[in-house]
Amino acid sequence: MAQIHELSTELTNQIAAGEVIERPASVVKELCENSIDAGSTRIRIDFENAGLQKITVQDNGSGIASDQIDLAFMRHATSKINSERDLFNIGTLGFRGEALASIAAVAHVEIVTSSNNQGGVRAVFAGGEKKLQEDAPSPQGTKISVADLFFNTPARLKYLRSERTEILKIVDIVDRLALGHPEIAFTLTNNNKILLKTNGRKNLRQDIANIYSRHLAERMLEIDGTTPDFKISGLISDPDDTRSNRNFITLLLNGRYVHNYNLTQAIMSGYANKLGPRRYPIAVIKIELDPVLVDVNVHPTKQEVRLSKEKELERLLTQTISDVLLDGQQESLGLNNL
Ligand code: ADP
Ligand code: MG
């Protein structure tokens, strides 16, 4: 056996990047989440060639001070948590301090940013190293451009799916982020063609109309329910409006889009036998809870979380949905006036 030796920073960064940055859509997700955490009200995402040639995310958020740029791109450096207590009380989408370091390890990155309306700064990173930093004009906020993704990790490039699939994954993640943040105006373009535009006017039904369809959005039913630990709200489809898979169910836990099989099942149970075989509803459900009840630190991409009191939440979802559908049914039969 060869001697044991420590790996170079460049190599450890590439290894770690593999966990967070799987494909172009991961870059879009991480950059948008940073923009959301920075308090932006407008986020614009442009990409070319399925994101492999270029992805640019521009926001009007807090910006980064010029003396913080190096830290922003350093692994495990973050402005979002300080202590162990914070780790179990996460109020932001990011906290691991990995995304920018990971992206910079596997792509060419340019950042132009300005904070507190001070003069802007521009920096360029490649293969994990800073190549340049200079004063540059910038509006308040941050613009990050990621070019030549996976240029130095050919195995990852090979593993990517067709251009169409990668584009659909980018669209899907931006759709979910937009549904989770109706207070932010999102614009998404591919080769200058607009794929999504929301207006940031806090109107979920309008956003669903933009993202899915107006007809569907108009017929969706409002839900609203609480227990001492959870508050749920959102819109669910009429049982006649269904899809052939569960990808149209969006669960937002304190604004974070998450995958959770049990919660999805609980939603389906609320529809009981009103759905046909292998038919699934469309739903956007916002779940608010004390952050101490959720452990986000399960997976690097944070799309899987662990929940305390999950059973209580499942019951709340099923009950609230089944009540709303019953009301809807009675209304359409004119029974509510009896
Ligand atoms: P994390 O989001 O987990 O903190 P990142 O690597 O994604 O880690 O970002 C590192 C830090 O850079 C963040 O904590 C934040 O302070 C800063 N940052 C990144 N993107 C932005 C942005 N768009 N606007 C303002 N600050 C940002
Ligand atoms: Mg982040």
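Would you say F88 is assigned by TED's automatic domain parsing to the domain that holds V27 and touching a Lys or Arg at 6+ places or on another chain (Cβ under 7 Å)?
Working: assigned by TED's automatic domain parsing to the domain that holds V27: yes; touching a Lys or Arg at 6+ places or on another chain (Cβ under 7 Å): no.
In short, no.
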Q | Every pair of residues 6+ apart whose Cβ atoms lie under 8 Å, when the first sits in segment 257-268 and is touching a residue at least 40 places away in the same chain (Cβ under 8 Å) while the second is among the small types (G, A, S) and part of a helix (DSSP H, G or I) | A | Y257/G180
Q: Select from segment 18-64 the residues that are more than 22 Å from P154 (Cα to Cα), among the hydrophobic types (A, V, I, L, M, F, W, C) and within 11 Å of ligand 1 (Cβ to nearest atom) and write down the one among them that is surrounded by the fewest Cβ atoms within 10 Å (Cβ to Cβ).
A: A38
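Can you name every residue in segment 37-48 that is within 14 Å of ligand 2 (Cβ to nearest atom) and either more than 17 Å from N116 (Cα to Cα) or part of a loop (DSSP other than H, G, I, E, B) (or both)? Quick ask: steps written out before the conclusion?
The initial filter retains those residues of segment 37-48 that are within 14 Å of ligand 2 (Cβ to nearest atom), namely 37-40, 43.
Correct list: A38, G39, S40, I43.
When you scan segment 76-88, do you find a residue that is within 13 Å of ligand 2 (Cβ to nearest atom) and under 16 Å from the mean Cα position of the chain (by Cα), even just one? Give the steps one after another, and end with the answer.
Within segment 76-88, the first condition is being within 13 Å of ligand 2 (Cβ to nearest atom), and the residues that meet it are 76-81.
Right, trim to under 16 Å from the mean Cα position of the chain (by Cα) and you get none.
No, segment 76-88 contains no residue that is within 13 Å of ligand 2 (Cβ to nearest atom) and under 16 Å from the mean Cα position of the chain (by Cα).
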Q.
Between a residue in segment 198-226 that is closer than 21 Å to D172 by Cα and any residue that is among the charged types (D, E, K, R) and in a strand (DSSP E or B), which pairs come within a Cβ distance under 8 Å, given they are 6 or more apart or on different chains?
A. G200/R42; N210/K197
Q) Which ones in segment 8-17 are without any contact (Cβ under 8 Å) to a residue 12 or more places away in the chain and either buried (at least 24 other Cβ atoms within 10 Å of the Cβ) or assigned to a loop (DSSP other than H, G, I, E, B) (or both)? A) S8
Q | Matching entry among A178, A209 (being more than 23 Å from P24 (Cα to Cα), of a type in the set (G, A, S) and outside any strand (DSSP E or B)) | A | A209
Q: Out of the residues in segment 65-114 that are touching a Gly at 6+ places or on another chain (Cβ under 9 Å), more than 10 Å from ligand 1 (Cβ to nearest atom) and in a helix (DSSP H, G or I), state the one that is nearest to V258 (Cα to Cα).
A: A105
Q: Would you confirm whether any residue within segment 315-330 is surrounded by 15 or more Cβ atoms within 10 Å (Cβ to Cβ), in contact with an Asp or Glu (Cβ under 8 Å, 6 or more places away or on another chain) and either assigned to a strand (DSSP E or B) or among the polar types (S, T, N, Q) (or both)?
A: yes
Q.
Just the residues that are among the small types (G, A, S) and modelled with pLDDT of 95 or more, please, taken from segment 3-56.
A. A25, S26, S35, A38, G39, S40, A50, G51
Q: Please name all residue pairs, on different chains or six or more residues apart, with Cβ atoms under 7 Å, provided the first residue is in segment 36-50 and is outside the structural domain of V146 (by TED's automatic domain parsing) and the second residue is part of a strand (DSSP E or B).
A: none
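Pick from segment 201-250 the residues that are among the hydroxyl-bearing types (S, T, Y) and under 21 Å from I184 (Cβ atoms): which of them is surrounded by the most Cβ atoms within 10 Å (Cβ to Cβ)? Show your work before the answer.
Initial filter on segment 201-250 (among the hydroxyl-bearing types (S, T, Y)): 212-213, 226-227, 233, 237, 242, 244, 250.
Within this subset, residues satisfying the condition of being under 21 Å from I184 (Cβ atoms) are 212, 233, 250.
Working: Y212: 19, S233: 17, T250: 22.
For segment 201-250, the residue satisfying everything is T250.
The values are calculated or read from the model by the stated rules, or taken from the named source; none is laboratory data. Just so it is clear, the structure is predicted and the values come from calculations on it, not from any experiment. Neighbour counts are summed over all protein chains in view; Cβ atoms, including those assigned to glycine, are modelled from backbone coordinates with ideal geometry.
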